[in-house]
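Colleague: Let me begin by handing over the structure; questions about it come next.
The values are calculated or read from the model by the stated rules, or taken from the named source; none is laboratory data. Treat the numbers as computed from the prediction; the structure is a model and nothing was measured. Here the Cβ positions follow ideal geometry from the backbone for every residue, glycine too, while neighbour counts run over all protein chains shown. Ligands, DNA and RNA are stripped out before the accessible areas are found, and what is left, the full protein with its side chains, is counted by its heavy atoms. Shrake-Rupley method; radii C 1.70, N 1.55, O 1.52, S 1.80 Å.
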Amino acid sequence: MPRILIVGGGYAGFYTAWKLEKQLRRGEAEVTIVDPLPYMTYQPFLPEVAAGSIEPRHAVVALRRHLRRTTVIAAKVTGIDHAHKVATITPIAGEPWQQEYDQIVVTAGAVSRTFPIPGIAENAIGLKTIEEAVAVRDLLLSNFDKAAVLPPGPARERLLTVVVVGGGFAGIEAFAELRSFASSLLKRYPQLSFDETHFHLIEAMGRIMPEVSLKTSEWVLKDLAKRGAYVHLDTQVTGAVGGNVELSSGETIPTDIIVWTAGVMANPTVVRGGDLPVEERGRIRTRPDLRVGTAEEIVHGAWAAGDVSAVPDLTGGGVGGYCVPNAQHAVRQGKLLAKNITAVLRGEEPKEYFHKNLGAVAGLGLYNGVFQSGKIAIKGFLAWIAHRGYHGLAMPTWERKWRVLWGWWNNLWLGRDIVNLEAVQTPRRVFEEFAARPRPAQAPAVEEKKPAAKSAASEKVAAQG
Ligand SMILES: Cc1cc2nc3c(=O)[nH]c(=O)nc-3n(C[C@H](O)[C@H](O)[C@H](O)COP(=O)(O)OP(=O)(O)OC[C@H]3O[C@@H](n4cnc5c(N)ncnc54)[C@H](O)[C@@H]3O)c2cc1C
């Protein structure tokens, strides 16, 4: 039986495996998916998770629950030797091993792309994983708790300051959602005032959100400013040391919440750890039919999709002629990839990937959003409905859709959940604090003659005790 190995169970990998289960006849191929995480993450929900509007576990899909005919392995792929069709699997426990395959599907996504700016690696946090979104939510809540017990002044305002770096779609959504969250929190913290909260987004370019028109992006800037969230255009972060973010404009912003959303790069572990062809921007060179290779040369038995790959955009759009890294493409590529592998296994020809951009929709905090498709732009409440409607339906599996939709419905009349679970980072703290411990071993009795009266007295005390 041909063995198909899928590297990465995110958007593209999950959809490939899910659709392969539907396409393949029983016994036609054996499918294995390898991912260090036991779930795929619906990343467009991360800003809402950070803002307390979506329960974190609802924004991820358990691989084992929905991939019933696929072998799921909790591990990283750390090497691909395609010349010999073997991958190195490094599990979350135990020793690495070599896994043979006939077809490999590389869908290991992307990681946050940073620059060597002092302090960023140590003090900033990305927003690519559910863990990061939860940590940002909890940090903001902890900071509100700390600020509420401090007297007004710089130390308090520092705790109530948030800096987001990168004005792309993800950055703006995260920034707007966090602003909306912080504003709504103020009614639970009567000690704190709106004027003490400070929100700054730093963008190196002269505009934000390249996915929407300039006019729409300017509306977003004005709308954010009205809500007390300021975007610094044409500005770069030059340092993030000692609790201060330094900017190329000379300004310094004191804060300990620095969310880095300034771009992504193809997963370096998988790209560099293998012998598949890589293009100038570090992505796996992929053909329009999703096989690895170029128009002239096919790398047989190797496929790639999603953020890790450079798939030509046959619509003529894209950046540099390639599909941009987004979920719209990753999902559709995953679905086509399943069809194409099945076709190739049956001796048929694979089809080329062609998808015209549907537009972009972003949530900008509760009851506010922006939608753009071609020249049509919708702003405000209607766009927010479109955002929730689109993503509610796009969430894979009905089991997960229900949880998200039910959560939104509950929030509508119960309000956001503002529970701070930062203490889960140190779950043993209380137990350890009060746990009984064995008494220190008694010092060996010293053989010496004591005065008779003293030893009689101590024996009496011991007997009373
Ligand atoms: C905050 C945010 C908001 C977004 N909003 C939108 C939006 O509104 N619309 C849109 O279209 N797109 C959006 N995107 C982009 C979209 O989520 C990504 O383009 C999409 O997730 C890419 O899918 P993928 O399958 O290539 O990678 P991923 O979904 O990132 O999956 C990669 C998988 O590979 C696994 N992996 C990593 N290393 C290894 C390894 N060594 N071995 C095995 N597995 C590995 C990871 O654990 C992960 O599960 C957003 C992204 C972010 C961060």
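Colleague: Which one of His66, His58, His84 is under 30 Å from Gly415 (Cα atoms) and more than 13 Å from the ligand (Cβ to nearest atom)? Walk me through it before giving the result.
Modeller: Working: His66 fails: under 30 Å from Gly415 (Cα atoms); His84 fails: under 30 Å from Gly415 (Cα atoms).
Being under 30 Å from Gly415 (Cα atoms) and more than 13 Å from the ligand (Cβ to nearest atom) holds for just one of His66, His58, His84, which is His58.
Colleague: Going by what's in this entry, would Ala338 be described as within 30 Å of Leu5 (Cα to Cα), within 12 Å of the ligand (Cβ to nearest atom) and in contact (Cβ under 8 Å) with a residue 60 or more places away in the chain?
Modeller: Numbers: within 30 Å of Leu5 (Cα to Cα): yes; within 12 Å of the ligand (Cβ to nearest atom): no; in contact (Cβ under 8 Å) with a residue 60 or more places away in the chain: yes.
No; evaluated as a whole, the condition is false for this residue.
Colleague: Condition first: in contact with a helix residue (DSSP H, G or I) (Cβ under 9 Å, 6 or more places away or on another chain), open to solvent by 60 Å² or more (accessible area, probe 1.4 Å) and part of a loop (DSSP other than H, G, I, E, B). Now tell me which residues in region 193-220 satisfy that.
Modeller: If the condition is that a residue be in contact with a helix residue (DSSP H, G or I) (Cβ under 9 Å, 6 or more places away or on another chain), open to solvent by 60 Å² or more (accessible area, probe 1.4 Å) and part of a loop (DSSP other than H, G, I, E, B), then Arg207, Pro210, Glu211 are the ones that fit.
Colleague: Confirm whether Tyr39 is hydroxyl-bearing (Ser, Thr, Tyr) and buried (at least 23 other Cβ atoms within 10 Å of the Cβ).
Modeller: On the way: hydroxyl-bearing (Ser, Thr, Tyr): yes; buried (at least 23 other Cβ atoms within 10 Å of the Cβ): no.
No.
Colleague: Still on this structure, please answer the following. If we keep just the residues of region 124-133 that are open to solvent by 40 Å² or more (accessible area, probe 1.4 Å) and not in a loop (DSSP other than H, G, I, E, B), which is farthest from Leu247 (Cα to Cα)?
Modeller: Start the filter on region 124-133 by keeping residues that are open to solvent by 40 Å² or more (accessible area, probe 1.4 Å), which leaves 125, 129, 131-132.
Checking which are not in a loop (DSSP other than H, G, I, E, B) leaves us with 125, 131-132.
Values: Ile125: 18, Glu131: 28, Glu132: 24 Å.
That would be Glu131.
Colleague: Of all residues in region 26-36, which are more than 9 Å from the ligand (Cβ to nearest atom) and either modelled with pLDDT of 95 or more or surrounded by 18 or more Cβ atoms within 10 Å (Cβ to Cβ) (or both)? I'd like the intermediate steps shown before the answer.
Modeller: First, pick out the residues of region 26-36 that are more than 9 Å from the ligand (Cβ to nearest atom): 26-32.
Hits for region 26-36 are Glu28, Ala29, Glu30, Val31, Thr32.
Colleague: Are any residues in region 420-432 surrounded by 10 or more Cβ atoms within 10 Å (Cβ to Cβ) and not in a helix (DSSP H, G or I), and if so, which ones?
Modeller: Those that are surrounded by 10 or more Cβ atoms within 10 Å (Cβ to Cβ) and not in a helix (DSSP H, G or I): Asn420, Leu421.
Colleague: Would you confirm whether any residue within region 89-101 is in contact (Cβ under 8 Å) with a residue 60 or more places away in the chain, farther than 25 Å from Ala262 by Cβ and buried (at least 19 other Cβ atoms within 10 Å of the Cβ)? Spell out how you get there, then give the answer.
Modeller: Initial filter on region 89-101 (in contact (Cβ under 8 Å) with a residue 60 or more places away in the chain): 99-101.
Pick out the ones that are also farther than 25 Å from Ala262 by Cβ and you get 99-101.
Among the residues that remain, those that are also buried (at least 19 other Cβ atoms within 10 Å of the Cβ) are: 101.
Yes, that holds for at least one residue.
Colleague: Hey, another quick one. Counting only residues that are of a type in the set (Asp, Glu) and assigned to a loop (DSSP other than H, G, I, E, B), which one in region 277-316 is farthest from the ligand (Cβ to nearest atom)? Working first, answer last.
Modeller: Looking only at region 277-316, we keep the residues that are of a type in the set (Asp, Glu), and these are 279-280, 289, 296-297, 307, 313.
After this cut, where a residue has to be assigned to a loop (DSSP other than H, G, I, E, B) as well, the list is 279-280, 289, 296-297, 313.
Numbers: Glu279: 16, Glu280: 19, Asp289: 18, Glu296: 26, Glu297: 23, Asp313: 14 Å.
Among those residues, the one meeting the criterion is Glu296.
Colleague: If I filter region 181-192 for residues that are surrounded by 16 or more Cβ atoms within 10 Å (Cβ to Cβ), on the phi > 0 side of the Ramachandran plot and within 16 Å of the ligand (Cβ to nearest atom), do I get at least one hit?
Modeller: Checked region 181-192: no residue is surrounded by 16 or more Cβ atoms within 10 Å (Cβ to Cβ), on the phi > 0 side of the Ramachandran plot and within 16 Å of the ligand (Cβ to nearest atom).
Colleague: Collect the residues in region 92-123 that are part of a strand (DSSP E or B), within 11 Å of the ligand (Cβ to nearest atom) and not small (Gly, Ala, Ser), keeping them in residue-number order. I'd like the intermediate steps shown before the answer.
Modeller: Taking region 92-123 and keeping what is part of a strand (DSSP E or B), we get 97-100, 103-106, 110-112.
Among the residues that remain, those that are also within 11 Å of the ligand (Cβ to nearest atom) are: 105-106, 110-112.
Result: Val105, Val106, Val111.
Colleague: Go through region 255-276 and give me each residue that's more than 11 Å from the ligand (Cβ to nearest atom) and part of a loop (DSSP other than H, G, I, E, B).
Modeller: If the condition is that a residue be more than 11 Å from the ligand (Cβ to nearest atom) and part of a loop (DSSP other than H, G, I, E, B), then Thr255, Asp256, Ala262, Asp275, Leu276 are the ones that fit.
Colleague: Could you go through region 223-236 and let me know if any residue there is β-branched (Val, Ile, Thr), surrounded by fewer than 22 Cβ atoms within 10 Å (Cβ to Cβ) and closer than 30 Å to Val324 by Cα. So that I can check it myself, show each step before the final result.
Modeller: Taking region 223-236 as the starting set, the residues that turn out to be β-branched (Val, Ile, Thr) are 231, 235.
This time we only want the ones that are surrounded by fewer than 22 Cβ atoms within 10 Å (Cβ to Cβ), so: 235.
Now drop any that are not closer than 30 Å to Val324 by Cα, which leaves 235.
Yes, the conditions are met somewhere in region 223-236.
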